[in-house]
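Below is one structure, written out as structure tokens, with a few remarks after it.
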Amino acid sequence: MTAYIKAVEVFLPEKIESNNDLQDYNHTWDIDKIFKKTGILTRHIANKNETALDLGVKASEKLFSENHISKDKIDYLIFCTQSPDYFLPTSACIIQDKLGLNQEIGAIDVNQGCSGFVYCLSIAKGLIESNQAKNILIITADTYSKFINKSDKSVRTLFGDAGTCTLISDDISGKRNISKIVNGTDGSGAKNLIVPHGGLRNPINKTSNVEINDKSNNVRSPSNLYMNGQSIYSFTLKKIPNVFNEILENSKYDKSKIDMFIFHQANKFILDSLQNKLDIPPEKMHRSYKYIGNTVSSTIPIGIHFEMKRNNQHKNTTALLLGFGVGLSWAGTIVNY
């Protein structure tokens, strides 16, 4: 028995924020320069009362309705987010109720970012191959926009909001599968992508919303998202090529046999650098950030969804998935869908 990706659906908030919109608020920003580096033209932004949980529920409802999947078949739910509705209870428990799923299911949250979807694949694969579950929902959703200062060019130009839902099922034929998953962690880099205030280490206080200007004239407070872009870039170019090779070696795949490389959609600059370093043909390098931006844990399932639609789900595709970023963490595998 093997675990495989059966279906993926995506939900994007209605509001679209363009680079022109950003310049209207920040008149000195050079939007042409921003686009040249990031490759991002627009991003979807959740409204004030729309949470990651809401986006995840809407993506899940699409999965059930558009793929004719019975809710009664679901026996486990994994929700991956770094912008939960509450510290407690577990968001996955609330989602179980909102979706009307059976009460006889497992439901857990995973607090991971850019590598989160592949981490969740690892959990789902273990549950299925140990015969604990047969049909698992992996829901990813984040609303990083709610953490971002409107005048912080270093992150506001990159991140968008989104929700996805992926059904992982058992395949008794073994023809469709999720290969061995490579995971990794370097918590020494946690400070390089962080919201410093708001948790129990640094609760919200009178300094949490005091804004400062950094040396690049970006504005943020301790309750806003902070990213050290240079450190994240250096980590990516140093670590990810070795992980890439390890994934291929573990799965006994030659790079030429991979149909599509679906990496975390950080931005154009990072993906260009990885593509050049790993010598990946342009037609095999998935890119979907242009009109969506960096949607954190949702970028890889969005990529899978787009590739499935492009191939009309008829072609058996072998894809290498690789997530990396906040944590610092990374995870990758090869899947057949």
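The values are calculated or read from the model by the stated rules, or taken from the named source; none is laboratory data. Predicted, not measured: the structure shown is a model, and the values here were computed from it. Cβ placement follows ideal geometry from the backbone for every residue including glycine, while neighbour counts extend to all protein chains displayed. Just the protein is used for accessible areas: all its heavy atoms, side chains included, with ligands, DNA and RNA removed. Shrake-Rupley method; radii C 1.70, N 1.55, O 1.52, S 1.80 Å.
Cβ-Cβ contacts under 6 Å between residues 6 or more apart (or on different chains), taken from a first residue in segment 1-18 that is among the polar types (S, T, N, Q) to a second residue that is open to solvent by 20 Å² or more (accessible area, probe 1.4 Å), are listed as 2/174; 2/177; 18/42. When residue 324 is tested against the conditions (1) open to solvent by 10 Å² or more (accessible area, probe 1.4 Å); (2) within 27 Å of residue 148 (Cα to Cα); (3) hydrophobic (A, V, I, L, M, F, W, C), the lone failure is (1). Scanning segment 188-203 for residues that are in contact with a helix residue (DSSP H, G or I) (Cβ under 7 Å, 6 or more places away or on another chain) and not in a loop (DSSP other than H, G, I, E, B) gives 189, 192, 193.
List the residue pairs whose Cβ atoms are under 6 Å apart, where the first residue sits in segment 78-89 and is closer than 20 Å to residue 145 by Cβ and of a type in the set (Gly, Ala, Ser), the second is open to solvent by 70 Å² or more (accessible area, probe 1.4 Å) and assigned to a loop (DSSP other than H, G, I, E, B), and the two are 6 or more positions apart or on different chains. Final answer for the pair search is none.
Which condition breaks for residue 316 when tested against (1) open to solvent by less than 10 Å² (accessible area, probe 1.4 Å); (2) under 18 Å from residue 179 (Cβ atoms); (3) assigned to a loop (DSSP other than H, G, I, E, B)? Of everything listed in (1) open to solvent by less than 10 Å² (accessible area, probe 1.4 Å); (2) under 18 Å from residue 179 (Cβ atoms); (3) assigned to a loop (DSSP other than H, G, I, E, B), residue 316 misses just condition (1).
List every residue pair whose Cβ atoms sit under 6 Å apart, with the two residues 6 or more apart in sequence or on different chains, where the first one lies in segment 283-306 and is under 11 Å from residue 260 (Cβ atoms) and aromatic (Phe, Trp, Tyr) and the second, anywhere, is surrounded by fewer than 24 Cβ atoms within 10 Å (Cβ to Cβ) and modelled with pLDDT of 95 or more. What qualifies is 306/288. Counting only residues that are touching a residue at least 40 places away in the same chain (Cβ under 8 Å) and either more than 21 Å from residue 119 (Cβ to Cβ) or not in a helix (DSSP H, G or I) (or both), segment 44-53 holds 5 of them.
Every test in (1) under 21 Å from the mean Cα position of the chain (by Cα); (2) part of a helix (DSSP H, G or I); (3) closer than 30 Å to residue 197 by Cβ is passed by residue 61 save one, and that test is (3).
Please list, ordered by residue number, the helices (runs of 4 or more DSSP H) wholly in segment 204-311 having 2 or more residues that are buried (at least 18 other Cβ atoms within 10 Å of the Cβ) and of a type in the set (Val, Ile, Thr).
Output list reads 229-251, 299-310.
The single residue among 41, 53, 22 that is touching an Asp or Glu at 6+ places or on another chain (Cβ under 7 Å) and either crowded, with 20+ Cβ neighbours inside 10 Å or on the phi < 0 side of the Ramachandran plot (or both) turns out to be 53.
For residue 174, indicate whether it is modelled with pLDDT under 95, in contact with a Ser or Thr (Cβ under 6 Å, 6 or more places away or on another chain) and either open to solvent by 40 Å² or more (accessible area, probe 1.4 Å) or not basic (Lys, Arg) (or both). Show your work before the answer.
Details: modelled with pLDDT under 95: yes; in contact with a Ser or Thr (Cβ under 6 Å, 6 or more places away or on another chain): yes; either open to solvent by 40 Å² or more (accessible area, probe 1.4 Å) or not basic (Lys, Arg) (or both): yes.
For residue 174, the condition - modelled with pLDDT under 95, in contact with a Ser or Thr (Cβ under 6 Å, 6 or more places away or on another chain) and either open to solvent by 40 Å² or more (accessible area, probe 1.4 Å) or not basic (Lys, Arg) (or both) - is met.
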